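To start, the structure under review is shown below, and the notes come after it.
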Amino acid sequence: DRSAAGNPLYNHYRCADDRWIVLSMPQAARHWPAFCRAIGRADLEHDPLFVEILWNSSVEARARVALLDEVFASRPAHEWLQILGEASPDFLFSPVNSVDDLPNDPQVRANDYVVGFDHPQYGPIEMTGFPVGLSETPCTIREAAPEFGQHTEEILLELPGYDWERLAELRRLEVI
């Protein structure tokens, strides 16, 4: 339950544009003073609600998260990402991408998780690359994925009891 997270700097927050950002700073005490200044809330640095970093009370945790929910809801995600990025190189944070965001994410591109391919039927397209990189046997996309049923005949003819006559019967019955 994100609303009861003991460490508010290890949580995710909805921004004014309905986008989310995630903070990943498990050492909250280390980052708290600079974080308060960065978000324009220096008053929170010594607020009794935030004094203890290893917070125990779920009531207090909910109050802390609710307060930061309000703070982050005051600006769009891209502004918060810029503010946090300029505030400290030690802050750990990221946008929470939607599936639609992924093809244009710089890290996705750098890792070749989306690659270009010249499809024989559709021309130049982008498709999912390989999730791992192998130095000695690099992966490449060499051909398009088969169309639905493209290899049905080839596979069935390799099985005992299937010949062209049997395939014609299956086709007539609309099984294949």
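Values computed for the structure shown
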quantity	calculated
The chain, accessible area per residue, ligands and nucleic acids excluded (1.4 Å, Å²)	68 Å²
Under-5 Å amide H pairs with F93, H placed in peptide plane, nonlocal only	S24
Listed residues I141, G123, Y13: farthest to the positive end of the dipole of the chain (Cβ charges)	Y13
Stretchable slack from E70 to N111, in nm (0.36 nm times residue separation minus alpha-carbon distance)	11.2 nm
Crossing angle, helix 58-72 versus the chain [Cα axis fit, 0-90 degrees, rounded to tens]	80 degrees
Virtual paramagnetic centre 7 Å along Cα→Cβ of L49, amide N under 17 Å, in segment 11-35	11-14, 32-33, 35
Carbon + sulfur, % of accessible area of segment 1-42 - ligands and nucleic acids excluded, 1.4 Å	50 percent
Inter-site label distance for L159 and R172 at 7 Å from Cα along Cβ, in nm	1.9 nm
Share of carbon and sulfur in the accessible heavy-atom surface of segment 111-163 [1.4 Å probe, %]	55 percent
Intensity falloff of the chain expressed as log10 I(q)/I(0), Debye formula with alpha-carbon point scatterers, at q = 0.10, 0.13, 0.14, 0.20 Å⁻¹	-0.62, -0.79, -0.85, -1.24
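The values are calculated or read from the model by the stated rules, or taken from the named source; none is laboratory data. Every value quoted in this text rests on a predicted model; they were computed, and no experiment measured them. Backbone-built Cβ (ideal geometry, glycine too); neighbour counts: all protein chains shown. Heads up: the accessible areas ignore ligands, DNA and RNA and are worked out on the full protein's heavy atoms, side chains in. Shrake-Rupley method; radii C 1.70, N 1.55, O 1.52, S 1.80 Å.
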